[in-house]
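Everything below concerns the one structure shown next.
The values are calculated or read from the model by the stated rules, or taken from the named source; none is laboratory data. Predicted model only: the values in this text are computed from it and were never measured. Here Cβ is always computed from backbone atoms with ideal geometry, including for glycine, and neighbour counts include all displayed protein chains.
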Amino acid sequence: MKIFDELDLDFKALGFSQKEMGDIVLGTLDIKKDNKNFEKGKYRIISCHNLYLHQSYQNEVKSQIKKVLREFLTFHHIKKQSTILVCGLGNEDIISDSLGIASCKKILATRNLNFSYKKHNVCSICPNVQAVTGIETPLIVRGIVREIRADMVVIIDSLLTQNLKRLGHSFQLSSVGMIPGGAMGEIMDISQKSIGVPCISIGVPLLLDLNKLSKLNKSVVVAPKDIKHYVSVCSTIISDAINNVMCTSLSPKQISETLSPI
């Protein structure tokens, strides 16, 4: 799945706008009717080119992601104590494709715990990829959603970009889900239509598509040399934002201590 504003479309005509907030740039697109390119819903891009320079920039991005998540929860009419499944997509053996899994490992799962401070009942899974399991990822997610009676799914995955400036420096969120492995030609999506409940997707471009940048007559996809650091920082930002929204009365330190009580 590529960053949506890299498609060959006139996004300003569709209502796309950008707002600069200090070091953060927020891209906004709201689609009010389904069309051949987009489902009805909300699309956001949060970018920060100084993301890895200082913790303060990461905190700013985290704050913006929290605002968007709350906006999306309201948009989908998600009530308190709803069951929310956080799904970390990707392949742990490929670092550039491990963002979802790394994020899920830092998610505070509260569905089976009687915590007074939890706002929602959170659980998390990492279904791996079809090449490993032999099962289409959306089918795994749909089965779990039905078993636990989830009210919403939050999907986290690595994205493909053709814009070097976006590589590891922007977070794309949408209220309509995504296609796991879309950049590799997969076509089955995880969305409300396919699994029966609302979906929020969060992705970071960690793979660079060189097709338009090179003269080679074949597909070339690369990752930055410091990809481990990118995944570590971005997964922490995403998981902290989700944890803070789902457990509003807990500080990041308290969440960390709960994840690692020993």
Which fully enclosed helices (runs of 4 or more DSSP H) of region 129-195 have 3 or more residues being at pLDDT 90 or above and of a type outside the set (Val, Ile, Thr)?
-> 137-148
Looking only at region 84-94, count how many residues are outside any strand (DSSP E or B) and either at pLDDT 95 or above or surrounded by 23 or more Cβ atoms within 10 Å (Cβ to Cβ) (or both).
-> 2
Go through region 69-83 and count every residue that is in a helix (DSSP H, G or I) and touching a residue at least 40 places away in the same chain (Cβ under 8 Å).
-> 5
Please work out which one of (1) exposed (fewer than 13 other Cβ atoms within 10 Å of the Cβ); (2) under 17 Å from VAL153 (Cβ atoms) is the condition GLY22 fails and give its number.
-> (2)
Quick check: anything in region 240-262 part of a loop (DSSP other than H, G, I, E, B) and at pLDDT 90 or above?
-> no
Report yes if some residue within region 103-123 is polar (S, T, N, Q), touching a helix residue (DSSP H, G or I) at 6+ places or on another chain (Cβ under 6 Å) and surrounded by 21 or more Cβ atoms within 10 Å (Cβ to Cβ); otherwise report no.
-> yes
Give the number of residues within region 93-122 that are closer than 30 Å to ASP226 by Cα and out of contact with any Gly (no Cβ under 7 Å at 6 or more places or on another chain).
-> 10
Restricting the first residue to region 159-173 and requiring it to be surrounded by fewer than 21 Cβ atoms within 10 Å (Cβ to Cβ), which pairs with a second residue that is of a type in the set (D, E, K, R) and part of a loop (DSSP other than H, G, I, E, B) meet a Cβ separation below 8 Å and a spacing of at least six or different chains?
-> GLN162/LYS212
Scanning region 135-154 for residues that are among the small types (Gly, Ala, Ser) and either touching a residue at least 60 places away in the same chain (Cβ under 8 Å) or surrounded by 17 or more Cβ atoms within 10 Å (Cβ to Cβ) (or both) gives ALA150
Does ILE101 qualify as being assigned to a strand (DSSP E or B), among the β-branched types (Val, Ile, Thr) and under 19 Å from ILE238 (Cβ atoms)?
-> no
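Does region 206-217 contain any residue that is closer than 17 Å to THR83 by Cα, outside any helix (DSSP H, G or I) and at pLDDT below 95? Don't jump to the end; show me each part of the working.
Going residue by residue through region 206-217, those that are closer than 17 Å to THR83 by Cα are none.
No: region 206-217 contains no residue that is closer than 17 Å to THR83 by Cα, outside any helix (DSSP H, G or I) and at pLDDT below 95.
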Of the residues that make up region 54-68, is at least one more than 29 Å from SER17 (Cβ to Cβ), outside any helix (DSSP H, G or I) and more than 13 Å from the chain's Cα centre (by Cα)?
-> no
